[in-house]
Structures are given as C-alpha cells and as structure tokens.
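Visitor: Take a look at this one; I'll ask things after.
The values are calculated or read from the model by the stated rules, or taken from the named source; none is laboratory data. Note that the structure is predicted; figures quoted are calculated from it, not measured. Glycine also receives a Cβ, built like all others from the backbone with ideal geometry; neighbour counts cover every protein chain displayed. Side chains included, ligands, DNA and RNA excluded: accessible areas come from the protein's heavy atoms. Shrake-Rupley method; radii C 1.70, N 1.55, O 1.52, S 1.80 Å.
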Amino acid sequence: MKKLIVANWKMNPLSVSEAVKLTKKEDIKGAVIAPPFVFLESVEKVLKQAELGAQDIFWEEKGAYTGEISAAMLKNLKVKYVIIGHSERRCLGETDEIINKKLTATIKAGLTPILCVGEPLNIRKKGLLSAKTFIKNQLLKNLKGINLKSLNSKFSILNSRFIVAYEPVWAISTGTTGIPAKPEDAVEMHKFIKDLLATRYSLLAKVLYGGSVNSKNAESFLKNPEIDGALVGGASLKPEEFKKIVKIAEKYNDE
Ligand code: PEP
C-alpha cells in the first residue's frame, strides 16, 4: 500500500504568491496539497509531483447556490481528492446529512473523497468502545444510501478510491487537547474502521490518521500497516516539516 500524506492548508496562506511558493516547496511524490479554493488553479499550474485536493465541495452541479463550488468545477481544475466533513466544518453546523450529500456528489463525479470522522473529547473520555460507537454512527450516517460497489469493482485496496481520515477532534493541534492520539489507539481505530467498511459495504478503504502529526511523531503512526497515511494541518504550513513527514511515509510504502 502506498502511503498518502495530505496537506490541509485550511484558510492559509493569504495570497496567491505565498500559495505558489509553498506549493513549490511541498511538491513531492506521495503528497496531496489541499489549498483554499481560490488558490487551486495557481497551485495546479506549478504542481509536478504532488496531487491536488480541495477542502470542501457542494452537492449540486451548478445553479443558484451562492458561494458554493461543485464537483464539476473541481474536476475542471484537475482536483483529484476532496476533504469532506472536516471537524472544523462539522463544528460550524455541517451535519451528517449534508456530508452524505457531499460524499454522494464526490463519488458520482469520480473524485476521491477523504471523509473525516473523529470523536470529541467527552466521548473519548468514556473509553475506546464509546469512541468506536461514535465513529460507527458517523460512518453509517455519512455513507447512507451511497452506491459504493462502483468503487470496488474498479479498484483494489492498492489504489483504493475511498479514503477515510480518522481525526479525533481533541487531537487536532488547534483542538481541545492538541495532543496526538496514542499510535496503538489509532491503529485499533483504523482496524475497526476498515473492518466495518469491509464487512458492511465490501469496501476496501484507505484510512489516514490526523491530529497533531509532525516530523517527530510521524514515524510512530506511519510505521503501522493499518495506517495508510496522514492528514496534516499545522505542519503542512511548514515545508521542511511536511517534507520530512512525506519522506518518513515513503519508507513504509510496500510495492
Ligand atoms: C486537521 O485539521 O486536519 C489536522 C490534522 O490538523 P493538525 O495536523 O494541525 O492537528
């Protein structure tokens, strides 16, 4: 399995020139760069090795939806991956039903979703079992009614077109604790997510870990075969840090 390191720049940087500069430094194989929508075109023009991702999507194709961006628009900009249901968007009121519609549109358009799931601190404090129940509920609601068979018929686990990012909300660097999950807990959760998707939907998914990943702790996550990569926020704005993380991931790619 080839590990994937996704840079979620969030609402950074502030200008096209800064975005282009950052892209040139982070343009390495195995990386996906997800800039704000307004920089997608400029970032795509300079990318040679990394792939392009978007941070969100809207479910309708076109029309009277002020401020929204459709799958067709993203495809025209050569976007391949779409982050859906990030906890920072869920916090702003994005519901499981909305995420379900976004996921449906993404898959229908042939884009690869990176579906973010993760439990808040109050749930995690009750133990790993409660966290698993929470994640299961998110996944079942987010995947409700979606035809996933098309994904499986064409793709194997090696180039799986369905990606889940397990991001415990409390572990995100700007979140409640900002302390990464214990790698062994992340491994257990990744196994749980993969088993659930395989048994319930016959779906082979890649599962990335997200939450305060940096060059110092990346290896403790990425060395595990259950962890197929990382979704990186804060450290993706520091090119040297980000490149180190991608290099660490490369060591654990199996052919
Ligand atoms: C994120 O917000 O997706 C994330 C993982 O952020 P950070 O790496 O800063 O914790």
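Visitor: Residues that are within 17 Å of the chain's Cα centre (by Cα), under 30 Å from residue 188 (Cβ atoms) and not in a loop (DSSP other than H, G, I, E, B): does the range 71-82 have at least one? Quick ask: steps written out before the conclusion?
Guide: From the range 71-82, those within 17 Å of the chain's Cα centre (by Cα) are 71, 74, 79-82; that's our starting set.
Of the ones still in play, those that are also under 30 Å from residue 188 (Cβ atoms) are 80-82.
Now drop any that are not not in a loop (DSSP other than H, G, I, E, B), which leaves 81-82.
Yes, the range 71-82 has at least one match.
Visitor: Looking only at residues that are more than 20 Å from residue 147 (Cα to Cα) and charged (D, E, K, R) in the range 62-103, which one is most open to solvent (accessible area, probe 1.4 Å)?
Guide: 62
Visitor: Going by the conditions given, is residue 230 out of contact with any Ser or Thr (no Cβ under 9 Å at 6 or more places or on another chain), of a type in the set (Gly, Ala, Ser) and either assigned to a loop (DSSP other than H, G, I, E, B) or open to solvent by less than 50 Å² (accessible area, probe 1.4 Å) (or both)? Reasoning before the result, please.
Guide: Numbers: out of contact with any Ser or Thr (no Cβ under 9 Å at 6 or more places or on another chain): yes; of a type in the set (Gly, Ala, Ser): yes; either assigned to a loop (DSSP other than H, G, I, E, B) or open to solvent by less than 50 Å² (accessible area, probe 1.4 Å) (or both): yes.
When the stated conditions are applied, residue 230 passes them.
Visitor: Given the structure, is residue 199 within 16 Å of the ligand (Cβ to nearest atom) and open to solvent by 50 Å² or more (accessible area, probe 1.4 Å)? Step through it out loud before you land on a result.
Guide: On the way: within 16 Å of the ligand (Cβ to nearest atom): no; open to solvent by 50 Å² or more (accessible area, probe 1.4 Å): yes.
Judged against the criteria, residue 199 is not a match.
Visitor: Which one of these does residue 142 not meet: (1) surrounded by fewer than 21 Cβ atoms within 10 Å (Cβ to Cβ); (2) modelled with pLDDT of 95 or more?
Guide: (1)
Visitor: While we're looking at this one, here's another question. Restricting to the range 104-121, name every residue that is outside any helix (DSSP H, G or I) and open to solvent by 30 Å² or more (accessible area, probe 1.4 Å).
Guide: The first filter runs over the range 104-121 and keeps only residues outside any helix (DSSP H, G or I), leaving 109-120.
Passing the criteria: 110, 120.
Visitor: Name the single residue that is surrounded by the fewest Cβ atoms within 10 Å (Cβ to Cβ) among those in the range 27-61 being within 18 Å of the chain's Cα centre (by Cα) and small (Gly, Ala, Ser).
Guide: Ranking the qualifying residues of the range 27-61, first place goes to 30.
Visitor: Would you mind finding the one in 64, 72 that is in contact with an Asp or Glu (Cβ under 9 Å, 6 or more places away or on another chain), over 30 Å from residue 176 (Cβ atoms) and free of Cβ contacts under 8 Å to residues at least 60 places away in the same chain?
Guide: Details: 64 fails: in contact with an Asp or Glu (Cβ under 9 Å, 6 or more places away or on another chain).
So the residue among 64, 72 that is in contact with an Asp or Glu (Cβ under 9 Å, 6 or more places away or on another chain), over 30 Å from residue 176 (Cβ atoms) and free of Cβ contacts under 8 Å to residues at least 60 places away in the same chain is 72.
Visitor: Restricted to the range 244-255, and to residues that are of a type outside the set (Val, Ile, Thr) and either open to solvent by less than 60 Å² (accessible area, probe 1.4 Å) or assigned to a loop (DSSP other than H, G, I, E, B) (or both), which residue is farthest from the ligand (Cβ to nearest atom)?
Guide: The first filter runs over the range 244-255 and keeps only residues of a type outside the set (Val, Ile, Thr), leaving 244, 247, 249-255.
So of that shortlist, the ones also either open to solvent by less than 60 Å² (accessible area, probe 1.4 Å) or assigned to a loop (DSSP other than H, G, I, E, B) (or both) come out as 249, 252-255.
Numbers: 249: 14, 252: 19, 253: 21, 254: 24, 255: 28 Å.
Filtering first and then ranking leaves 255.
Visitor: Within the group 208, 237, which residue is open to solvent by 50 Å² or more (accessible area, probe 1.4 Å), within 13 Å of the ligand (Cβ to nearest atom) and touching a residue at least 60 places away in the same chain (Cβ under 8 Å)? Give the steps one after another, and end with the answer.
Guide: On the way: 208 fails: open to solvent by 50 Å² or more (accessible area, probe 1.4 Å).
Answer to the selection: 237.
Visitor: In the range 48-106, which residues are within 16 Å of the ligand (Cβ to nearest atom) and among the acidic types (Asp, Glu)?
Guide: 56, 88, 94
Visitor: Against the conditions (1) open to solvent by 60 Å² or more (accessible area, probe 1.4 Å); (2) more than 11 Å from the ligand (Cβ to nearest atom); (3) farther than 23 Å from residue 50 by Cα, where does residue 173 fall short? Just the number, please.
Guide: Result: residue 173 passes all but (2).
Visitor: From the list 85, 53, 30, 67, pick out the single residue that is more than 28 Å from residue 204 (Cα to Cα) and of a type outside the set (Lys, Arg).
Guide: Numbers: 85 fails: more than 28 Å from residue 204 (Cα to Cα); 53 fails: more than 28 Å from residue 204 (Cα to Cα); 30 fails: more than 28 Å from residue 204 (Cα to Cα).
The match here is 67.
Visitor: Would you point out the residue of the range 214-227, among those that are of a type outside the set (A, V, I, L, M) and part of a loop (DSSP other than H, G, I, E, B), that is most open to solvent (accessible area, probe 1.4 Å)?
Guide: So in the range 214-227, the residues of a type outside the set (A, V, I, L, M) come out as 214-217, 219-221, 223-226.
In the following step, the residues that additionally are part of a loop (DSSP other than H, G, I, E, B) were identified as 214-217, 223-226.
Numbers: 214: 51, 215: 23, 216: 183, 217: 27, 223: 112, 224: 31, 225: 100, 226: 45 Å².
Of everything passing the filter in the range 214-227, 216 is most open to solvent (accessible area, probe 1.4 Å).
Visitor: Give the residue, chosen from 24, 45, 29, that is assigned to a loop (DSSP other than H, G, I, E, B) and more than 14 Å from the ligand (Cβ to nearest atom). Full working, then the answer.
Guide: Details: 24 fails: assigned to a loop (DSSP other than H, G, I, E, B); 45 fails: assigned to a loop (DSSP other than H, G, I, E, B).
Exactly one residue qualifies, and that residue is 29.
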